[in-house]
1. What list of ³J(HN,Hα) couplings, whole Hz, do you get for the range 176-187 from phi and the Karplus terms 6.51, -1.76, 1.60, once you set θ to phi - 60° and write x for glycine and proline?
2. Using θ = phi - 60° and the Karplus form 6.51 cos²θ - 1.76 cosθ + 1.60, what ³J(HN,Hα) does each residue of the range 290-295 get, whole Hz, x for Gly and Pro?
3. Taking R0 as 51 Å, what's the FRET efficiency between Ser193 and Val169 from their Cβ-Cβ distance, rounded to 0.05?
4. For the residues Met49, Met267, Met116, what sequence is obtained by ranking on other C-beta atoms within 10 Å, fewest first?
5. Which shape class, rounded, prolate or oblate, goes with the range 541-597 when its Cα gyration tensor gives a ≥ b ≥ c as root eigenvalues, a/c under 1.5 marks rounded, and past that a/b bigger than b/c marks prolate?
6. What is the sum of charges, Lys and Arg at +1 and Asp and Glu at -1, for the other residues whose Cβ falls under 11 Å from the Cβ of Gly69?
7. Taking the highest mean first, how do the peptides 74-84, 252-262, 515-525 order by number of other beta carbon atoms within 10 angstrom per residue?
8. Which of the pairs Lys453/Lys525; Lys190/Lys525; Lys262/Lys446; Lys187/Lys594 have their Cα atoms more than 26 Å apart in this structure?
Amino acid sequence: MLVIWMLLVLSLPQFRTFERNSSSKCLEDSNEFLEELQSENPQMYALLMYDSIGKDGSNILHGNIDQLGSYSECTSAQAPSGKFSGQYCKLTLKQDQIDYDVAICVPSSCENEDIMMLEWLGIFKDMSFIAPAPILSFLVTNNTYRVKSVHCQNNVPHIDAFVGICLVVVALFIIMTIAGSIFLTIKEWKSRSSTNELEDGLSSTHQHYGAVSLNKINGQKFQVTITKAKHESPEHNATETTDNNTGAGSFDWILTSFAVQKSVPAMLSTENTAGTYSVINGVRVLSLLWIISGHVCHFILFNNLDNPVEWLVSVPNNVLYVFSLGGPFYLAVDSFFLISGLLSARTLLNMHPEEGLTYKILKDYVIRRMQRSRLLMIVLAGVLLLACFIVTALISWFLKLPIGLHFDSRLFTHGVYNIQYYIKPYCRYGPFLIGIMLGILIHQRKTPLLTTKTQILTGWLSSLSTMAAVIALGYALDDSVEHYSVLPALYQALHRTAWAAAVGWIILACEEGYAGFVRSLLSSKLWIPLANLSYACFLIHPAVIGVYNGLQETLLHYTDINMLYLFIGHTVLAHILGFALCVLVENPIQTLRKYFC
């Protein structure tokens, strides 16, 4: 009877857009599964599919209302007939004012529309597949519910042309790195062999004839030394022989630019480049660690915690959590914009200042920007590639928070805040312009800028008090929609620029030599290798955190020790992957740019 009713529904005009073959196959497989489940001796696959559905949990009052089931158990089920396997789906239900997710396991032949239709017909209700959670009855007055959306995920990766292009690009960089490393190893081995043969020949000649010119010997050795230095140097030397201008020489240089023998020492070097500001190394690394700490909590809070209410009660208003999402960790991004403006000004001002703003200066600057954008594009391509292959039981299909559970109202405007304010470039103009002005000021100084103790003391007091005020007001001001006022608006407009100015003073004081142990700390050579990786780590760490969260089949429980361990793990893995990204992409491209531009 159910089959006849299903076929009648499929014949209605509103269902004619469905794929007929898919719908009938889904119905057939669903009936086979349910019949097998109700038999006296059900097959193991049917038990696995039924056992994997989402069930009520505890800790409801702290926000654990989603019923996620078991992804791996569902997808491991295989029908003996071989016609279908288990497919994990999440249904978003709305009961009164609360949205929550319930996981079900259905045959792999079912599409999202088929599942919506099966639920509408009530085919799964008698099997307790997606009945509303009775425990929610003390939170809502209405026991009825409706299905808002369905999202399914199986073990089959989605591969299209874009994924193919990403694979080709990644494979190309890996192949070039391996080929360049092997090529340079062989080249060095041949060079050492020829050097040894030359020395043996000269020694033999001197022994037998005793009339070898020392100038000639020294000249030969000098030639060998130059030959070795030419391919070991990471920079392109304008005084090299004209062989490099030939096709073979260019191919040589391109191939060896990807060799790990060149990239790894460059990334691990603890020597400051001439003309750089050593103090910014410490600022970059500490800012990056602050950002990672905030993002670890940020990404988990919205999708992966089974006690989000407990987090909201204990963390946001506690100053002890200033280095996590409870504090304004986004200020570290403004420190990066300050450094970006500072280095951009230095780059432009160091390009033949006597000639003014020439085409060559603009070209070189644009190339530098494109180089950084290229690394960003590689990272984004890699993230999208991972998204095609990583299957998860806890996919972040959308950001949602249940209302009625005493959640902080500021989080409901999080999406609007991000879209209309946080990601807008003009909201970062202030720190960037502060960096440019600081770069011009430092570059054009002929004499020390700080000459009196009053200037130094006033500057330090202003800087530290500004940073403290920016952080404190972030806790004190209520910028939610319900309590909107002028003061929070002014804070949002000015606090990034004020923070950048305070950090800029620290950089200036360090460069002037009036920072004491702060200069020693921030200028330590230990920061240099980590600073070399900071940009790549900044790009890659959201993917690291997102992939980890997506691979979790169960929700995480917030505790301080869990967050600390996640922060350490994500930081280490982000630096490992950032190092690989620099060795494979950034450093070779920098070397090639110096050769061709």
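1. Per-residue couplings from phi come out as 4, 5, 5, 5, x, 5, 5, 4, 5, 4, 5, 5 Hz.
2. Couplings: 5, 5, 4, 4, x, 5 Hz.
3. Values: r = 36 Å, r/R0 = 0.71.
The computed FRET efficiency comes out at 0.90.
4. Met116, Met267, Met49
5. Working: a/c = 5.39, a/b = 3.06, b/c = 1.76.
Prolate, since a/c reaches 1.5 and a/b exceeds b/c.
6. Details: positive: Lys55, Lys90; negative: Asp51, Asp66, Glu73, Asp101, Glu553.
Local net charge: -3.
7. Highest to lowest by the protection proxy: 252-262, 74-84, 515-525.
8. Going by Cα-Cα distance, Lys453/Lys525; Lys190/Lys525; Lys262/Lys446 fall outside the 26 Å limit.
Values in this text are rule-based calculations from the coordinates and carry no lab data. If you're wondering where the values come from, they're calculated on a predicted model, not measured in any experiment. With ideal geometry, Cβ positions are generated from the backbone for all residues, glycine too; neighbour counts draw on all protein chains shown.
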